[in-house]
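Have a look at the structure below, then the notes.
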Amino acid sequence: MTITINRLVLLAALIAAALSFVACQEDPPLPDNVANFEAIELGFAADEDVVPVNINFSRPVSSSGSVVITMEPNGLTYGADFSTSPAASGNSISLPVAAGTSQVSFTVNKPADVLLDGDEAIVFTITTVFDELVIGEKLQLNLSFAEILATQAIMNINGGGPSYPNKVFIDLSANRQTAVDRTNWDLGFYMGDDDFRVILNSSVTMMARGIDKTDMNTVTAADTLGFAAVMIVGANATPQALAWIDDPTGDLSKTAIAAVSANAAENRVFIINRGASNPPSDPSAPIPTRGWKKVRILRNGNGYTLQHADIAATTFQEIQISKDNQFNFRYISFANGAVTVEPRKDRWDIAWTGFTNATSLGAGLIPYYFQDIVLQSRNGVQTAELLTSAAGSYEAFGETNLGNVTWLTTQVGIGSKWRSGGGPGSAPAVRSDRFYVVRDTDGNIYKLRFTALTQDGQRGRPQIEFALIKRSA
């Protein structure tokens, strides 16, 4: 008995020692948090006066600090030919970094009256980072004061991480991306001459439903009874709800908000479900609301008048939106008025985003939220999907192979087809059996493939590779 008890005591001591040893072990170290320029080459076109420059981190930092950049101008004088924001001290720029951020930026500014030859340039170098960061391989950026035509590049798309906070507009020829907080706008107003149309922010699952009233001040909560139960996106939605989202193909004749009539009496009030700040990765889960609004939109000459208010309000606010044919759409926020979202229509080709799409879950098509959707600009951009089984490898594909390409102009020409899975219980992955060709607004043709769905294991940071295969004529 004594031997048995002693053995038990010894066993207990060994177990306690083992647990103590395990508890004392440090968690596996995270990989380095690397700071890199978003691109290693950018152009400063003659008709631009500001170019943003971004430095991305592998993941958000947990503390604050600073990143120091040095610059070497060639043929340019600081203060006369260009400036930066923040301002430089000597040849250095110190960029404050706030805790929780995964990017730091500065701008290069050119006075409108400065005339340059086009062979001027600035080389920027990341020289110092704080303790939490390390300097990566993309530590230098060459900014040319001329428009560039990128021939090939690998681009890490700055979607912002697992919560997909950004919509990212990509200009292939300029090797430039513009990341925009997808919650900072509500409605987009079409700038084309041929129609007066308004789109919803589909990246936050917005919906719109018209009612039979034209007086904003007479609309009350009684006019929206039952709306919350049916104006939803996800597995609990019904086919009826498709009428309350914009057509996923981008067909402007099928927007949830009706065309804005020249006859003011025909423009009804619409009830807006503003959707979710962070639509869940599982779209079948309940979606938290950003609130409800009532809106009415009228024509104002060659522009728009937006009337908006909370449902129960007895007065409303107005915002005037003028048409500007440099853009596909101009955008407003109910909270902040006019906001900048997409770049000029000749300065982006495709956009990566979350998106309210349509899918079939057995009872017909319903609105459903998709991550990692790639949309294309309606400004003449065309895309085509090529399967390697028919078109051969990405590496071997060139200009001579373009004869059999079938071009698409729908905004979801690429869509979500570049990845597999992603629904409930299905792990997403990049499809390696296909690639894409993109004809940009200038007629340049690129081949493009997706090379990663994640960075450091994080969704919301995919990677693409692209190469120029035909210059515009």
With +1 at each Lys and Arg Cβ and -1 at each Asp and Glu Cβ, the charge dipole magnitude of segment 148-289 around its Cα centre, to the nearest 20 debye, comes out at 340
For segment 212-269, which trypsin sites (Lys or Arg not before Pro) are both in a DSSP coil and crowded by at most 13 other Cβ atoms within 10 Å?
-> none
Between GLU465 and ASN336, what is the label-to-label distance in nm when each label sits 7 Å out along the Cα-to-Cβ direction?
-> 3.7
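To the nearest 0.05, how large is the calculated FRET efficiency for VAL123 and ALA45 if R₀ is 25 Å and r is the Cβ-Cβ distance?
0.85
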Simple spin-label estimate for THR238 and SER253 in nanometres, 7 Å along Cα-Cβ | 2.8
Provide the per-residue ³J(HN,Hα) series for segment 375-380, in order, calculated from phi with Karplus coefficients 6.51, -1.76, 1.60 and θ = phi - 60°, each as a whole number of Hz, with x at glycine and proline positions.
-> 9, 10, 5, 7, 8, x
So how much slack lies between SER89 and SER420, counting 0.36 nm per residue of separation and subtracting their Cα-Cα distance, in nm?
-> 114.2 nm
Per 10 Å bin from zero, what fraction in whole % of the C-alpha pairs of segment 187-339 is there, up to the bin with the longest pair?
-> 11, 42, 36, 11, 0
Once the principal axes of the Cα atoms of segment 275-384 are found, what is the range along each, listed largest first in whole angstroms?
-> 43, 40, 24
Would you calculate the separation in nanometres between label points at THR218 and ALA429, each defined as 7 Å from the Cα along the Cα-to-beta-carbon direction?
-> 6.0
What is the order of ILE211, ILE55, fewest Cβ neighbours within 10 Å to most?
-> ILE211, ILE55
Would you mind classifying segment 320-384 by shape? Square roots of the alpha carbon gyration tensor eigenvalues, ordered a ≥ b ≥ c; an a/c under 1.5 is rounded, otherwise it is prolate if a/b is larger than b/c and oblate if not.
-> oblate
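Remind me, relative contact order of the chain in percent, using alpha carbon pairs under 8 angstrom and six or more residues apart?
Working: 1070 pairs, mean separation 64.4, N = 473.
Reported as a whole number, the value is 14 percent.
Hey, what does the equivalent ellipsoid look like for segment 29-74, semi-axes from the Cα gyration tensor as sqrt of 5 times each eigenvalue, largest first, whole Å?
Over the Cα atoms of segment 29-74, the ellipsoid semi-axes are 28, 12, 11 Å.
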Is there a pair in LYS293/LYS323; LYS254/LYS345; LYS254/LYS470; LYS254/LYS323 whose C-alpha atoms are over 27 Å apart, and which pairs would that be?
-> LYS254/LYS470
Give me the Kirkwood hydrodynamic radius of segment 338-473, using the inverse of the mean 1/r over all pairs of distinct Cα atoms, in Å to one decimal.
-> 16.1
What 222 nm value per residue comes from the helices of the chain, counting each DSSP H run with n ≥ 4 as -39,500 (n - 2.57) and dividing by all residues, nearest 500 deg cm²/dmol?
-> -2000 deg cm²/dmol
Which semi-axes, in whole Å and largest first, does the equivalent ellipsoid of the chain have when worked out from the alpha carbon gyration tensor as the square roots of 5 times its eigenvalues?
-> 39, 35, 25
Two-site FRET efficiency, ASN109 against GLN326, from Cβ-Cβ distance with R₀ of 22 Å, rounded to 0.05 | 0.65
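Based on other C-beta atoms within 10 Å, arrange VAL61, VAL374, VAL219, VAL134 from fewest to most.
VAL134, VAL61, VAL219, VAL374
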Cα Rg over Rh - segment 19-166, Kirkwood | 1.07
Where does the charge balance sit around ALA335 when Lys and Arg score +1, Asp and Glu -1, over other residues with C-beta under 11 Å from its C-beta?
-> +2
Can you list the aspartates and glutamates whose alpha carbon is less than 15 Å from that of LYS417, not counting same-chain residues fewer than 8 positions off?
-> ASP372, GLU385, ASP433
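Bear in mind these aren't lab numbers, they're just calculated from the coordinates by the rules spelled out. The model shown is predicted, which means the values in this text are computed figures rather than measured ones. Virtual Cβ from ideal backbone geometry, glycine too; neighbours counted across all protein chains shown.
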